[in-house]
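Novice: Quick one: the structure is below, questions incoming.
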Amino acid sequence: MEKCILFDLDGTLTESGEGIVKSVQYALEKMGKPEADAAKLRVFIGPPLIEQFMEYSGMSRAEAEKAVVYYRERYEATGIFENRPYPGIEEMLKILKEKGNTLAVASSKPEYYVLKILEHFHIQNYFDEVAGATMDEKRTDKADVIEEALKRLQLSEKRENIFMVGDKAHDIIGARKNGIPCIAASYGYGTMQELRQEKPFRIVRSVDELQEALLSL
C-alpha cells in the first residue's frame, strides 16, 4: 500500500555527529564554557539548539541565542559536511520511491541546512517535500515541523498511512502530537532507554531493518 514517510535527518538519514559536536565545542569555547569530552555533547544531535544550550550549560535564552550564532560560524564553514549518509540509505530511498510512496524530510535542523546537505549528497530528488526549522528559531519543535511538512504535502486532514522515522525521543513525541506513528531508529543518536520510554510504533536497529519495516507496512 502506498504511504507517506517522513524522515528525520540527523541520526536517521545521515551520520552527522562529528560536525555538530565540533561546532558545539567551538560555540562553548567562545562562550567561556569549554567542553573537551565530545561524547558528552552527543545530546546536541537532533534537538533544537537553543533549548539544548540552555539545558546543557544553564545558559539564559539570550546566551543560548549567542551560542547558536557561534555554532553557525563553524557549522556553515566546515561542520555541515562533516557528515555522511548511513550505508544503504540511498538504496532504501530508491526502492521506496519505486513502490510509489511519498517521501519527505521533517527535521529540527534549519531547512536551509537540510536542503544543502541533501543536495550535497545527491539525495534531494527522492523527497517530495523538505521541512525544517526556521533560521530565526521560531519553528524548531518537532511537532511543528511535522505539521508544516503535512501541510505542504496537503495531508493535514488525512493522516492514515503516514509514518515518522527518527532516532530521538523528540521525534516520537512530535509524531504522537500529530497523531501519526513513529518508527525509532536505534542506530542513530538516541539511547535505547529513551526510545523505549516513549513507546514508538517500532524500533529498528539498522538501515536494512528499517527498509524491511517500511516495505512491510
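The values are calculated or read from the model by the stated rules, or taken from the named source; none is laboratory data. Keep in mind it's a predicted model, so treat the numbers as computed, not measured. Neighbour counts run over all protein chains shown; Cβ positions are idealised from the backbone, glycine included. Note: areas computed on protein heavy atoms with side chains; ligands, DNA, RNA excluded. Shrake-Rupley method; radii C 1.70, N 1.55, O 1.52, S 1.80 Å.
Novice: The stretch 20-163: D in µm²/s via Stokes-Einstein (Kirkwood Rh, Cα pairs, 25 °C, 0.890 mPa s)?
Specialist: 149
Novice: With n ≥ 4 as the cut-off for DSSP H runs, can you work out [θ] at 222 nm for the chain, using -39500 (n - 2.57) per run divided by the number of residues, rounded to the nearest 500?
Specialist: Result for the chain, helices only: -13500 deg cm²/dmol.
Novice: Of all the accessible heavy-atom surface of the stretch 115-179, with the other protein chains kept in place and a 1.4 Å probe, what percent is carbon and sulfur?
Specialist: In the stretch 115-179, the share of accessible area belonging to carbon and sulfur is 45 percent.
Novice: Can you give the FRET efficiency for E29 and F121, using 1/(1 + (r/R0)^6), R0 = 35 Å, r = Cβ-Cβ distance, to the nearest 0.05?
Specialist: After rounding, the FRET efficiency stands at 0.75.
Novice: Give me the percent of the accessible area of the stretch 39-86 that comes from carbon and sulfur atoms, probe 1.4 Å, all protein chains in place.
Specialist: Of the solvent-accessible surface of the stretch 39-86, carbon and sulfur hold 52 percent.
Novice: Hey, another quick one. Under 26 Å Cα-Cα from K199, which lysines qualify once same-chain neighbours fewer than 8 residues away are excluded?
Specialist: Within reach: K3, K40, K109, K142, K151, K158, K168, K177.
Novice: Using modelled backbone amide H atoms (1.01 Å from N, in-plane), which distant-in-sequence or interchain residues come within less than 5 Å of D167's amide H?
Specialist: Under 5 Å from the amide H of D167 lie the amide H atoms of A185, each far enough along the sequence or on another chain.
Novice: To continue, here is another question. Between K66 and D128, what is the label-to-label distance in nm when each label sits 7 Å out along the Cα-to-Cβ direction?
Specialist: In this crude label model, K66 to D128 measures out at 4.6 nm.
Novice: On average, how much accessible surface per residue is there in the stretch 1-94, in Å², for a 1.4 Å probe, leaving out ligands, DNA and RNA?
Specialist: Roughly 44 Å² per residue, with all protein chains present.
Novice: At 1.4 Å probe radius, can you tell me the per residue accessible area of the stretch 111-163 in Å²?
Specialist: 55
Novice: With just the Cα atoms defining each centre, how far is the stretch 48-93 from the stretch 137-192? Give it in Å.
Specialist: Between the Cα centre of the stretch 48-93 and that of the stretch 137-192, the gap is 19 Å.
Novice: Given contacts defined as C-alpha pairs under 8 Å and at least six residues apart, what's the relative contact order of the chain, whole-number percent?
Specialist: Relative contact order comes out at 23 percent.
Novice: Here's a follow-up. Modelling each spin label as a point 7 Å along the Cα-to-Cβ direction, I'd like the E137/E73 distance in nm, to one decimal.
Specialist: 1.6
Novice: Right, here's the next one. So what's the angle, to the nearest 10 degrees on a 0 to 90 scale, between helix 89-98 and the longest Cα principal axis of the chain?
Specialist: Orientation of helix 89-98: about 30 degrees from the principal axis.
Novice: Now a separate question. Sorted by packing (mean other beta-carbon atoms within 10 Å per residue), highest first, where do 116-125, 50-59 land?
Specialist: By packing density, highest mean first, the sequence is 50-59, 116-125.
Novice: Give the percent of DSSP beta bridges with both residues in the stretch 1-144 that are antiparallel, rounded to the nearest 5.
Specialist: 20
Novice: Mind checking the angle between helix 61-77 and the chain's longest principal axis? C-alpha axes, 0 to 90 degrees, to the nearest 10.
Specialist: It works out to around 70 degrees.
Novice: For A36 and E91, what does the FRET efficiency come to when R0 = 41 Å and r is the distance between their Cβ atoms, rounded to the nearest 0.05?
Specialist: So the FRET efficiency works out to roughly 0.60.
Novice: Once the Cα atoms of helix 207-216 and of the chain are each reduced to a long axis, what angle between those two axes, in degrees from 0 to 90 to the nearest 10, is obtained?
Specialist: Between helix and principal axis, roughly 40 degrees.
Novice: Follow-up. Enter the mean projected area of the convex hull around the alpha-carbon atoms of the stretch 1-51, in nm², rounded to one decimal.
Specialist: The number I arrive at for the stretch 1-51 is 4.5 nm².
Novice: Taking K33 as the anchor, which aspartates and glutamates have their alpha carbon closer than 14 Å to its alpha carbon, excluding any fewer than eight residues away along the same chain?
Specialist: Cross-link targets: E55, E63.
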